[in-house]
1. Would segment 169-184 turn up any residue that is touching a Ser or Thr at 6+ places or on another chain (Cβ under 7 Å) and either part of a helix (DSSP H, G or I) or modelled with pLDDT under 80 (or both)?
2. Starting from residues that are under 15 Å from R364 (Cβ atoms) and assigned to a helix (DSSP H, G or I), keep the ones in segment 404-415 and report whichever is most open to solvent (accessible area, probe 1.4 Å).
3. Looking for something closer than 22 Å to H243 by Cα, in contact with a Ser or Thr (Cβ under 8 Å, 6 or more places away or on another chain) and open to solvent by 20 Å² or more (accessible area, probe 1.4 Å) - is there at least one such residue anywhere in segment 283-295?
4. Is it fair to say V335 is in contact (Cβ under 8 Å) with a residue 60 or more places away in the chain, touching a Pro at 6+ places or on another chain (Cβ under 6 Å) and not hydroxyl-bearing (S, T, Y)?
5. For the subset of segment 30-48 comprising residues that are more than 19 Å from A158 (Cβ to Cβ) and assigned to a helix (DSSP H, G or I), which member is least open to solvent (accessible area, probe 1.4 Å)?
6. Would you please list the contacts, defined by Cβ atoms under 7 Å and residues six or more apart or on different chains, that run from a residue in segment 211-228 that is over 27 Å from L342 (Cα atoms) to a residue that is surrounded by fewer than 17 Cβ atoms within 10 Å (Cβ to Cβ)?
7. Can you confirm whether P144 is modelled with pLDDT of 85 or more and either touching a Phe, Trp or Tyr at 6+ places or on another chain (Cβ under 8 Å) or at positive phi (or both)?
8. Mind checking which residues of segment 378-387 are farther than 17 Å from A276 by Cβ and touching a helix residue (DSSP H, G or I) at 6+ places or on another chain (Cβ under 8 Å)?
Amino acid sequence: MTLTDGPSSRTWSRWLSAIAQLQRASADSPAFFADAARFAVDTIGFDFTWVLSCENQSEGGSWIELATDGIDSSQEVETDPTILAMLVENPVTHFQTNSEDESGGSESHSIAIAPVLDSSGGLIGCVYGLRHHSGENRRRGIRPFEARMLQVLAESLAVGISRIKQETAAARSLALLEQAFSPTVAGHIQRHPECLAGQLREVTLLFSDLRGFTSLAESLPPDKCYRLLGDVMEVFTAAVIEHAGIIVDYFGDGLLAMWNAPLDQSEQADLACGTALAMSDTLTHVSEKWLPTIQAPLELGIGIHTGEVLVGNAGTQSRLKYGPRGSNVNLASRVQGATKQLETPVLITGATQKKLTNKFLTLRVCTARLPGLEKPVELFAVYPPSSLAERMRHLEQYTQALQNYEAGEFAQVEALLSELVKLDSSLPARFLANQATAMRQAEIGRRASDNGTGNRDSVVDILEK
């Protein structure tokens, strides 16, 4: 073939410009495949073109028409099953040249077909071009450079289809992530999927639980119980998200939330405690709404702890759950359980209290021995900041009573707390007063030989998980 046998430089420029325009087009546009078919007709010079996709051709799958174009839509033309079967057997570009047509004699048209391959070389579709030997188009056969342009067109389609699949998978992944996380966190996990493999991080964990909900649920019809729990979890979830937290899991009438993973949050303790107070406030509104039905206000227990855990996919490959694992998760759960015995809606550990800013008031409730844990843990109640002199006086009074308790001065504890129990129900005064009474009565019952000098353990034993 001489240089004069091929297209002119102007034709090449027009072809390449059309290909570039197609590659820039949005692959998920409805016109993408139609534009490809039109390119084969208008630019390369086929009379009819089909863009076909195929699924599981090796297992007898069918070809699906994505787009077609032709210079004369009144003529009935069809693809040749034999040509398509040949492509399945050997997925390379096939075409009929002038010499083949001349020697063959009677064929009324020529065919070129180019495979569309996925990234692994598998056949996922084709571009099928047909040229008549009559009518306005007097060419016989397909020239090699025309077949090559059809192949370039098929390769452009492969890139577009691959892009569609990647974008679809990314959108599906992001949608699943955004069901559990804020868009910011979901985007981070999508950009850094390695964080799902597990990494050691210091996090702040929040466990919440509705007090006495099991008994309440038994007294309600299932549909009302379901709606009530839905209302509660709706406001709890909103509180976590508003304070930039992650919902790790829901379980029955409780949830687990986390801060400082996967993104760094320097005020993780503040955010968790702010969430706890917001949950307590919003539960009051839900409780008032349901009071005619449930007959008693809803009560809440929240435990918060800060510590190092392994964070990653705590679920499975098929069911993602980004969350923590480790002994500190168990500790946080036990703190939540302690709220019932200590009669305090929100308890945090000393590790969390040390990280709080002056946005909150804290009160050391006691040092407790939690179920299943060897070392005692310092527990604190947390309150919003207050300038009320009366509130500060109550906190100081409880602090003094706790010091007396730990010194074994149980009568003084009872005296300090006798009025405080009535004045401020938000403090764990009744718990400490009852504990002091029990300890004083135990001392009275000791044998005379002990002389009241037996070992006084100021650590409170939490009896329930």
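1. The answer is no; no qualifying residue exists.
2. So, considering only residues that are under 15 Å from R364 (Cβ atoms) and assigned to a helix (DSSP H, G or I), the one most open to solvent (accessible area, probe 1.4 Å) is E406.
3. No: zero hits.
4. no
5. V41
6. Within 7 Å, the pairs are K224/T293.
7. For P144, the condition - modelled with pLDDT of 85 or more and either touching a Phe, Trp or Tyr at 6+ places or on another chain (Cβ under 8 Å) or at positive phi (or both) - is met.
8. E378
The values are calculated or read from the model by the stated rules, or taken from the named source; none is laboratory data. From a predicted model like this one, the values you see are computed outputs, not experimental measurements. FYI the Cβ positions are ideal-geometry reconstructions off the backbone, even for glycines, and counts take in every protein chain you see. The accessibility values were calculated without ligands, DNA or RNA, using every heavy atom of the protein model including side chains. Shrake-Rupley method; radii C 1.70, N 1.55, O 1.52, S 1.80 Å.
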